[in-house]
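Report on the structure given below.
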Amino acid sequence: MALSLWSRKRDLIYFGFFAIHIPIILLVDAVPILPSLFNNDVSRLLRNYYITTFRDKFFIGPVPTWFTSFMYMELYYHLPLSTWALGALLRDDPLVPVHLLVFGFQSFLTSWTCLMEVWDWEDRTTAEKRSLTSLYGPYVALGAFMALDMFWRLRGRLLNKSKQE
């Protein structure tokens, strides 16, 4: 019998992240590549607020090709995986560590890449860069933590399995 999500604190954090991540993908991050049906008043309001508040060059044209590829990764990889992860975390699916290892590492790497680019921008103040770091940084940290957590979970399972054999 699976343990309750409430008793699995790290999984509860991941569940909360995925629950928040899905609307962010659909209402902010992937809007430029989504069909116009998804470009609604709420998404325009959120994106305009984000652009005005943070002056993130990734959301103000021209967008680098590599960043556009990150948007596609969010739409075609993050969105389905995040949706799956909500149910999988609830039922303590044994495949969670495999999928979240990949997700965590990919999130860490793409967010780290964005953060390094932000700090290379010469037309933004240090305060603006710090502000953007407060947004990208948690994705870097959570991605790294998630990947390491899942690596250690899988390692433990594999070592226990080899001891049993």
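The values are calculated or read from the model by the stated rules, or taken from the named source; none is laboratory data. Because the structure is a prediction, the values reported are computed rather than measured. Counting neighbours? That spans all protein chains shown, and the Cβs are built from the backbone with ideal geometry, glycine included. Accessible surface is based on the protein model in full, side chains and every heavy atom, while ligands, DNA and RNA are left aside. Shrake-Rupley method; radii C 1.70, N 1.55, O 1.52, S 1.80 Å.
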> When the helix-only estimate is applied to the chain (DSSP H runs of n ≥ 4, each -39,500 (n - 2.57), divided by the residue count), what is the mean residue ellipticity at 222 nm, nearest 500 deg cm²/dmol?
Replying inline: -23500 deg cm²/dmol
> Taking 0.36 nm per residue of separation and subtracting the Cα-Cα distance, what length does fully extending residue 98 through residue 50 add?
Replying inline: 14.0 nm
>> Run the numbers for residue 36 and residue 125: contour at 0.36 nm per residue of separation, minus the present Cα-Cα distance, in nm.
In response: 28.7 nm
> What does the charge count near residue 61 come to, summing +1 for each Lys or Arg and -1 for each Asp or Glu among other residues with Cβ under 15 Å from its Cβ?
Replying inline: +1
>> Once R0 is set to 22 Å, what does the formula 1/(1 + (r/R0)^6) return for the Cβ-Cβ distance between residue 10 and residue 158, expressed as a FRET efficiency to the nearest 0.05?
In response: 0.70
> Which value, in debye to the nearest 20, gives the size of the charge dipole of segment 8-157 about its Cα centre, when Lys and Arg are +1 and Asp and Glu are -1 at the Cβ?
Replying inline: 440 debye
> Where the centre of each part is set by its Cα atoms, how far does segment 113-162 sit from segment 55-73, in angstrom?
Replying inline: 18 Å
> Which helices pass in the chain if a helix is a full DSSP H run, must span at least 27 angstrom along its long axis by Cα, and must have mean Kyte-Doolittle hydropathy not below -0.5?
Replying inline: 96-118, 126-164
>> If I stretch the segment between residue 135 and residue 83 completely, what's the gain in nm (0.36 nm per residue apart, minus their alpha carbon distance), one decimal?
In response: 16.5 nm
> Taking Cα centroids, how far is segment 21-39 from segment 1-15 in Å?
Replying inline: 28 Å
> In Å², what does the accessible area per residue of segment 8-157 work out to with a 1.4 Å probe?
Replying inline: 54 Å²
